[in-house]
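The values are calculated or read from the model by the stated rules, or taken from the named source; none is laboratory data. None of the values given here were measured: they were computed from a predicted structure. Cβ: placed from backbone, ideal geometry, glycine included. Neighbour counts: every protein chain shown.
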Amino acid sequence: MKKMKWIGIMGCVAAALLGGCSKSKPVLHVYNWADYIKPELVEQFEAQEQCRVVIDTFDSNESMYAKLKAGATGYDVIFPSSYMAKIMNDQDMLLPINPAALPNLKNLDPAYLDLAMDRAMAYSVPYMLSITGIGYLTDRLPDFEASWTMFNDPAVKGACTLLNDMRETIGAGLKARGYSLNSTSEAELAEARDQVIEWKRNIAKFENEQYKNGLASEEFILVHGYSGDILQVQEENENIDFAIPREGTSITFDDMVIPRDARNVALAHKFINYLHDPEVAAENTEYISYLCPNKASYAYLSEETRENPILFPPEEVVANLEVVADLGEENAKYTKVWDQIKAAE
Amino acid sequence: MKRSRIPLYTTCLVLLFFYLPIAVLVINSFNASKFGGGWGGFSLRWYRELIDQREIWHALRNTLVIAFSATALSVVLGTSAAFALHRFTGRLQRLHYTLIYTPLVVPDILMGMSLLLFFVALSAQLSLLTIFLAHVTFCISYVAMVVLARLQDFDFSIVEAAQDLGANWWTAAWRVLLPMLAPGIGAGALLAFTLSIDDFVISFFVAGPGSTTLPIRIYSMIKHGSPPLINALSVLLLVITFVLVWFSQKLTEEKIK
Amino acid sequence: MKTSRRRRYTEWLVTLPSLAWLVVLFVLPTLIVFAIAFKPANPYGGIGAGWTWSTLASLGNPNYPAIIWRTLWISTTTTVLCLLLGIPMAYFMAQLPPRRRQVFLLLVIIPFWTSFLVRIFAWKVLLHPDGLIKQALVALHLVDADASLLYNAGAVLLVMVYTYLPFAVLPIYAAAEKFEFALIEAARDLGASSWKAFRSIFLPGIRRGILTAFLMVFIPALGAYVIPDIVGGPHSEMIGNKIAQRTFVDRNLPHASALSVILTLAVLAPLTAGMLMQRKKDRHAVLHQEGL
């Protein structure tokens with residue numbers, strides 16, 4: 001008898017859970033990088049539009065793309081980097097952007113837009129800019145130099161990480177040897193491969209996400225990572241600093257795109273437009289420490305942010321930055337080199 | 001005669017090994033210091049922050065929806081499979097037994113991979129439904145094995161007696177057999193439920209938009225989230241586990257009575 | 001005649017639901033994996049047209065044998081360690097009075113009921129440079145202050161043993177519980193040493209439990225993916241990581257399938273061997289009984 005009572009209680013709990021949550025508000029499915037939007041802004045958007053926003057996260061462009069191809073359809077807004085947005089567009093996976101629904105596009109910074117792949121914003125809208133570089137602990141590395149050679153330093157053996165991202169990490173190897181990070185020359189790629197394999201013997205892990213906490217908790221003292229991620233954890237550990245390697249590195253546009261099978265296209269446009277509202281964009285930039293290339297929003301940024309050389313790098317630094325491009329069929333060369341790196345002892 | 005003490009020492013060491021990480025986790029969940037290097041004072045801060053994490057609650061809801069529905073269906077399929085395996089013999093049941101047994105030993109990653117390719121081949125949309133289908137597939141085998149073990153201790157003459165008294169086979173099965181097997185079916189259901197709640201690898205392969213389950217959420221928290229929040233969440237899960245274990249003990253005790 | 005047809009009808013009625021479900025969602029997907037292993041890949045992540053041997057042939061390239069070898073040795077070592085710890089534990093537990101036996105059994109089961117990911121995470125915390133174990137080892141001068149305990153094959157092995165040990169203890173204990181310990185006393189009375197009695201009477205007596213434990217640890221260990229992913233480093237990738245990378249990063253499903261085929265074969269070998277051994281022994285046991 002007691003058992004029946006228990007089953008009854010569990011049934012009620014289940015019913016309450018199922019019933020309680022299924023109010024029929026419109027739902028916006030978003031696929032984004034982790035920690036890449038201020039949560040309060042999402043809540044504000046939900047209140048404004050009487051909808052629910054469900055965010056799933058991915059940790060690399062490739063994994064996001066693979067998941068979509070495997071049948072994860074039904075996202076309304078996705079945040080790929082621009083080279084991946086181009087691939088998705090070439091694969092006919094995206095809907096055209098409707099500029100009429102996005103009055104805030106006029107706020108975008110033309111200087112940065114010139115660097116973008118989809119300048120006309122036909123299928124993508126820029127979201128944030130990020131620079132890939134080196135995060136490190138100033139107190140533990142007094143002899144730090146802003147150079148990729150730091151990954152060879154015996155002082156960081158077993159306490160540094162490289163990104164688990166084919167294009168970024170091979171790109172770092174290419175840059176360290178003085179080549180373009182979009183090189184398709186077999187000889188240059190072979191040099192980059194040997195460079196990364198040399199680093200691999202010194203690192204603790206190839207890692208895209210854990211490096212943030214790892215650096216903050218001083219588990220790692222040198223990490224290859226994205227500018228905003230490192231700036232975000234500066235708040236937790238004041239010894240953290242970010243450097244742009246002097247050999248050059250990559251700058252990435254992360255875009256917002258609407259996939260072909262989106263269920264709520266109108267709401268997706270509203271969301272994109274909302275994120276380019278100057279005040280919203282400024283608040284988001286302050287929170288996630290990446291730069292939203294929205295010129296109208298700069299006026300709302302704090303002085304500290306406006307003077308941050310990582311967010312607004314001086315011209316000579318910008319000249320050293322390169323955008324990762326889609327290489328089409330040549331991509332197979334990178335996959336092969338990446339496999340050799342992963343398998344090397 | 002002197003007995004070796006090695007078995008005793010091994011047992012104690014292994015139990016220490018089992019509980020040390022869990023104990024550290026529980027203690028750290030009350031530690032005010034964020035990275036748990038030292039003791040920063042007692043605090044309930046992480047539990048309070050946990051309550052504000054709506055992604056966790058959303059994931060928990062997905063997990064429970066799948067666990068309840070997958071358990072319900074797999075109990076029906078698994079119990080009927082156990083009946084079949086117990087009552088009948090022959091080539092068909094040998095094949096049936098192999099099919100029930102193999103998923104128990106196949107590594108998760110193979111099952112996840114094959115189900116993903118199956119859904120790709122069908123061009124199915126990945127969603128809560130695909131996770132549900134995957135979970136039922138591995139739960140059937142566990143339920144069938146648990147119920148089968150109970151059936152082997154069962155005295156079928158009772159069912160025959162009911163039939164002699166005029167009940168047809170179905171009435172006898174429904175009115176006599178099923179109630180007597182209820183504790184076994186309950187234990188199978190509980191096992192299916194906990195396996196479904198805990199599954200990460202298979203769900204990770206077949207999850208789609210908005211169908212993040214709790215283990216998938218925990219995995220991404222391990223990657224980039226705040227460690228003390230995972231500690232606090234783990235302690236909550238531990239408490240739930242203890243309640244479930246206690247509940248299952250109650251079930252078996254009742255059976256003995 | 002009529003009842004036998006009725007009986008067949010009932011048999012199909014109770015067999016078909018689970019049989020059909022498993023054929024569609026277990027057998028068919030496995031066949032699809034085998035089929036896709038013979039398909040070419042296209043650079044944008046689709047599956048190409050036509051059939052090819054080249055995907056399987058590319059597994060011969062020097063990148064794979066190293067990973068397959070590593071997977072085998074980590075799984076084997078894990079299994080051996082689990083058996084070495086599990087057998088004395090079962091030996092001890094099975095000789096306790098029933099009530100205390102229940103307590104110990106519960107103590108073994110409870111950690112096994114906590115979330116799998118949480119258990120791995122707990123080790124990540126313990127092995128962290130500021131964690132308890134590292135500090136203790138440094139204080140005892142057993143490791144260097146700069147040494148890293150995480151992100152190597154040793155950490156993977158440790159967490160694998162931790163995760164799979166209950167799978168070894170439980171079946172061995174189940175066998176040991178049925179073992180007649182008076183036999184050991186008798187052997188000792190006849191002058192055998194404890195060790196000899198343990199080895200030549202107890203171990204053969206629980207053979208079946210050991211075999212089950214071996215399968216329960218070795219097979220899942222072969223497919224491990226989460227543990228090397230979280231506590232492993234650049235030199236401790238296992239075959240499961242490669243399958244996940246091919247599926248989720250490279251989007252090369254034919255390659256992922258080919259690797260899965262290898263893993264399936266690696267799993268089937270010990271499984272069939274185990275089943276055959278068990279069947280042979282069962283037959284022995286039956287003959288033995290009949291002989292008596």
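Overview of results
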{"quantity": "Residue count, segment C:181-235 (criterion: part of a helix (DSSP H, G or I), of a type in the set (Gly, Ala, Ser) and closer than 30 Å to A:Arg201 by Cβ)", "calculated": "1"}
{"quantity": "Some residue of segment A:272-287 being crowded, with 18+ Cβ neighbours inside 10 Å, at pLDDT below 95 and either more than 21 Å from the chain's Cα centre (by Cα) or not in a helix (DSSP H, G or I) (or both)", "calculated": "no"}
{"quantity": "Hits in segment A:166-188 - residues which are farther than 15 Å from A:Trp148 by Cβ and in contact with a strand residue (DSSP E or B) (Cβ under 9 Å, 6 or more places away or on another chain)", "calculated": "A:Arg167, A:Asn182"}
{"quantity": "Selection from segment C:80-113 of residues that are within 9 Å of chain B (Cβ to nearest Cβ) and closer than 23 Å to B:Phe193 by Cβ", "calculated": "C:Leu106, C:Leu107, C:Val108, C:Ile109, C:Ile110, C:Pro111, C:Phe112, C:Trp113"}
{"quantity": "Spans of helices (runs of 4 or more DSSP H) in segment C:83-152 with at least 1 residues at pLDDT 90 or above", "calculated": "C:98-113, C:116-127"}
{"quantity": "Subset tally (residues that are more than 7 Å from chain C (Cβ to nearest Cβ), surrounded by 15 or more Cβ atoms within 10 Å (Cβ to Cβ) and of a type in the set (Gly, Ala, Ser)) for segment B:89-116", "calculated": "1"}
{"quantity": "So A:Arg193, is it assigned by TED's automatic domain parsing to the domain that holds A:Val323, in contact with a strand residue (DSSP E or B) (Cβ under 9 Å, 6 or more places away or on another chain) and among the basic types (Lys, Arg)", "calculated": "no"}
{"quantity": "Restricting segment B:190-212 to residues that are part of a helix (DSSP H, G or I) and of a type in the set (Val, Ile, Thr), the residue that is farthest from the other protein chains (Cβ to nearest Cβ)", "calculated": "B:Ile202"}
{"quantity": "Residue count, segment C:236-256 (criterion: facing chain A (nearest Cβ under 7 Å) and either acidic (Asp, Glu) or part of a helix (DSSP H, G or I) (or both))", "calculated": "4"}
{"quantity": "Where a residue in segment A:177-200 is more than 16 Å from A:Gln340 (Cα to Cα) and its partner, wherever it lies, is in a loop (DSSP other than H, G, I, E, B), with Cβ under 6 Å and at least six apart", "calculated": "A:Asn182/A:Ala325"}
{"quantity": "Residue, farthest from the other protein chains (Cβ to nearest Cβ), within segment C:123-145, restricted to residues that are under 18 Å from A:Tyr211 (Cα atoms) and free of Cβ contacts under 8 Å to residues at least 60 places away in the same chain", "calculated": "C:Gly131"}
{"quantity": "Test result for B:Leu60, part of a helix (DSSP H, G or I), away from chain C (no Cβ under 11 Å) and in contact (Cβ under 8 Å) with a residue 24 or more places away in the chain", "calculated": "yes"}
{"quantity": "Flag if B:Ser141 is within 19 Å of C:Leu271 (Cβ to Cβ) and either in contact with a strand residue (DSSP E or B) (Cβ under 6 Å, 6 or more places away or on another chain) or hydroxyl-bearing (Ser, Thr, Tyr) (or both)", "calculated": "yes"}
{"quantity": "Filtered residues of segment A:113-160 (kept if polar (S, T, N, Q), in a loop (DSSP other than H, G, I, E, B) and either loosely packed, with under 15 Cβ neighbours inside 10 Å or not assigned by TED's automatic domain parsing to the domain that holds A:Val323 (or both))", "calculated": "A:Ser124, A:Thr138"}
{"quantity": "Tally of residues being more than 21 Å from B:Leu110 (Cα to Cα) and among the aromatic types (Phe, Trp, Tyr) across segment B:122-169", "calculated": "3"}
{"quantity": "Where B:Ala187 falls short, out of the listed (1) assigned to a helix (DSSP H, G or I); (2) in contact (Cβ under 8 Å) with a residue 60 or more places away in the chain; (3) buried (at least 22 other Cβ atoms within 10 Å of the Cβ)", "calculated": "(3)"}
{"quantity": "A:Asp261 being assigned to a helix (DSSP H, G or I), more than 22 Å from the chain's Cα centre (by Cα) and either acidic (Asp, Glu) or surrounded by fewer than 20 Cβ atoms within 10 Å (Cβ to Cβ) (or both)", "calculated": "no"}
{"quantity": "Count - residues of segment C:238-279 that are hydrophobic (A, V, I, L, M, F, W, C) and closer than 22 Å to B:Val206 by Cα", "calculated": "13"}
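Matching residues to (1) touching a strand residue (DSSP E or B) at 6+ places or on another chain (Cβ under 8 Å); (2) surrounded by fewer than 18 Cβ atoms within 10 Å (Cβ to Cβ); (3) over 16 Å from B:Asn62 (Cα atoms):
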residue: B:Ile158; (1), (2), (3): no, yes, yes
residue: B:Ala162; (1), (2), (3): no, no, yes
residue: B:Thr194; (1), (2), (3): no, no, no
residue: B:Thr212; (1), (2), (3): yes, no, no
residue: B:Ser234; (1), (2), (3): no, no, yes
residue: B:Leu238; (1), (2), (3): no, no, yes
residue: B:Val243; (1), (2), (3): no, yes, yes
residue: B:Gln249; (1), (2), (3): no, yes, yes
